[in-house]
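See below for the structure under consideration.
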Amino acid sequence: MAKQLAEQIRPGTEIDTAIPGRMDRLPWSPWHWKILLGLGITWLLDGLEVTIVGAVGAVLSEADTLGLRESQIGATGSAYLIGAVLGSLFFGRLTDRLGRKRLFFVTLGVYLFATIGTALSWNFWSFCIFRALTGAGIGGEYSAINSAVDELIPARVRGRINLGINSSYWLGTALGAALSLVLLNPRILPHSLGWRVCFGLGAVLSTFILFFRRHLPESPRWLLHHGQLREAENVVSLIENEVGRSLTSPLPIYNHPMRIRIHGRTTFREIAHTLFRKHPRRAFLGLSLMIAQAFAYNAVFFTYALILGKFYGIPAARIGWYLLPFAFGNFLGPMILGHWFDTLGRRIMISATYGVAGILLAMTGFGFAHGWLTATTQTALWCAVFFVASAAASSAYLTVGELFPVQMRAMAIALFYSVGTAVGGIGAPALLGTLIESGNRFRVAEAYYLGAALLIGGALVAVFFAVPAERKSLESLN
């Protein structure tokens, strides 16, 4: 054992280690809250970005800003998603090769540069390019952050914590909505300047996050599976010491080793074998869940302001008042329902949330098509839909993160996110933007029906293929 700790272990070697069990047995502590704050902030940034774009959509069509058409505004949402897809794949691969911690800083740096560029953009094409780069930074964050969260959080609460972190997206949404109410108010700032300041504040926030992340550790599980036993042991010992300082009694000794195989770098051939030969049912499950939630969310949210403006006559400066309750409902969904993913289990909760969300979305689309709704009731129904759909969408990220091994976890998250977003999400904002531009309620509702059908389909897939991963260690699932 001393020799193993003194050098890096070669790939293919099998060893006995208690490191995963030592991480899973830790009681909840201030250290875990620090991890959640430092990593979960990524989703807040994404929510902030998407909400600001939604809120300033009507403003960007004005002549003294960028003068964009509705279809062009929808296309900029698609550009953001294209960047997120490519960034997720590129940075996801690097995350598995170079480690979670290094990529925390790289991807956040890309976001910082790109959001500054967005604030300074001068026409449709420059805005699209910087939106794509911003998406690349956020997409890369998804892989690194979700991998680290799964590997650092104890198994008994992995479901609810993962959903809770994902729900922080909606804190960013609320922040973006609140900022838009102030910064898009022409009595405070002219629209020609206010939309730029909205994006600039995202860069300010990300600068603070860069400094905060300096103290976050590398994933011991990643170190272990790359043969860096000494470093993995040092990191776990430091974590145990910090957790122990917050307790009234010492941590109990944990000595129940499990046998694992050192993997090192994973080839694309090994990734393909795992996805399509070893775990094809899991691959189909993850793909179905990601496509469904991506289309439903991106179809509605990227065009939220356009719907309120085009069909209900809500001015751009007041869009934030309608975004705030929507964000609040989305935030509460995972927070309230997350507990049941660890108690009732993954299969019941994933299928239930996807199915209920799909039914509610179809009902909302029907009411919209027939002109039965006002801006207030439309928003109330969207709040109900996405209270449930938010938990469903978060469970998709939980599923693809925990069901594949550590040596390819980030790449698995990246692949499913990218394919799901490419198939279910990239076209959704552009499609809805075009349909909204037509002014035909029934045509717009058809896109809502499609989103509802995809969600219900995801529910049926989960009934048959979801894995009972609740309260189980990551190693036992792989």
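The table for this structure:
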quantity	calculated
Top-ranked residue of region 300-346 - restricted to ones that are at pLDDT below 85 and part of a loop (DSSP other than H, G, I, E, B), ranked as surrounded by the most Cβ atoms within 10 Å (Cβ to Cβ)	THR303
Only one of GLY345, GLY365, GLY420 that is touching an Asp or Glu at 6+ places or on another chain (Cβ under 9 Å) and closer than 30 Å to ILE260 by Cβ	GLY345
Subset of region 257-282 (residues that are surrounded by fewer than 16 Cβ atoms within 10 Å (Cβ to Cβ), more than 27 Å from the chain's Cα centre (by Cα) and part of a loop (DSSP other than H, G, I, E, B))	PRO257
Out of ALA178, ALA148, ALA203, sole residue that is in contact with a helix residue (DSSP H, G or I) (Cβ under 8 Å, 6 or more places away or on another chain), buried (at least 23 other Cβ atoms within 10 Å of the Cβ) and either among the polar types (S, T, N, Q) or part of a helix (DSSP H, G or I) (or both)	ALA148
ILE291 buried (at least 18 other Cβ atoms within 10 Å of the Cβ), touching a helix residue (DSSP H, G or I) at 6+ places or on another chain (Cβ under 9 Å), at pLDDT 85 or above and not in a helix (DSSP H, G or I)	no
Positions within region 232-256 being exposed (fewer than 14 other Cβ atoms within 10 Å of the Cβ) and not hydrophobic (A, V, I, L, M, F, W, C), in sequence order	SER237, ASN241, ARG245, SER246, THR248, SER249, PRO250, PRO252, ASN255, HIS256
Flag for ARG10 being more than 19 Å from THR115 (Cβ to Cβ), assigned to a helix (DSSP H, G or I) and out of contact with any strand residue (DSSP E or B) (no Cβ under 9 Å at 6 or more places or on another chain)	no
In region 260-313, the residues that are in contact with a His (Cβ under 8 Å, 6 or more places away or on another chain) and over 30 Å from ARG10 (Cα atoms)	none
Matching residues, region 221-254, being touching a Gly at 6+ places or on another chain (Cβ under 9 Å) and within 18 Å of GLU14 (Cα to Cα)	TRP222, LEU223, HIS225, HIS226, GLY227
SER206 closer than 23 Å to THR107 by Cβ, at pLDDT 80 or above and hydroxyl-bearing (Ser, Thr, Tyr)	yes
Odd one out for TRP122 among (1) outside any helix (DSSP H, G or I); (2) within 20 Å of GLY420 (Cα to Cα)	(2)
Restricting region 23-71 to residues that are free of Cβ contacts under 8 Å to residues at least 60 places away in the same chain and assigned to a helix (DSSP H, G or I), the residue that is surrounded by the most Cβ atoms within 10 Å (Cβ to Cβ)	SER61
Index of the failed condition, GLY140 passing every other in (1) at pLDDT 85 or above; (2) within 28 Å of GLY194 (Cβ to Cβ); (3) of a type in the set (Gly, Ala, Ser)	(2)
Qualifying residue in region 138-145 (condition: of a type in the set (D, E, K, R) and more than 20 Å from LEU210 (Cα to Cα))	no
Among residues of region 403-445, those that are in contact with a Lys or Arg (Cβ under 8 Å, 6 or more places away or on another chain) and under 30 Å from GLN378 (Cα atoms), counted	4
Qualifying positions in region 158-175 - hydrophobic (A, V, I, L, M, F, W, C) and touching a helix residue (DSSP H, G or I) at 6+ places or on another chain (Cβ under 6 Å)	LEU163, ILE165, TRP170, LEU171, ALA174, LEU175
Those residues of region 442-469 which are in contact with a Leu (Cβ under 9 Å, 6 or more places away or on another chain), closer than 29 Å to VAL406 by Cα and either surrounded by fewer than 21 Cβ atoms within 10 Å (Cβ to Cβ) or among the β-branched types (Val, Ile, Thr) (or both), in sequence order	VAL461, PHE464, PHE465, VAL467
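Residues checked against (1) modelled with pLDDT under 80; (2) surrounded by fewer than 19 Cβ atoms within 10 Å (Cβ to Cβ); (3) within 22 Å of LEU323 (Cβ to Cβ):
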position: GLY135; (1), (2), (3): no, no, yes
position: ARG158; (1), (2), (3): no, no, no
position: ARG196; (1), (2), (3): no, yes, yes
position: GLU218; (1), (2), (3): no, no, no
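The values are calculated or read from the model by the stated rules, or taken from the named source; none is laboratory data. What you see is a predicted model, and the numbers here were worked out from it, not measured in a lab. Reconstructed Cβ throughout: ideal geometry from the backbone, glycine too, with neighbour counts over all protein chains shown.
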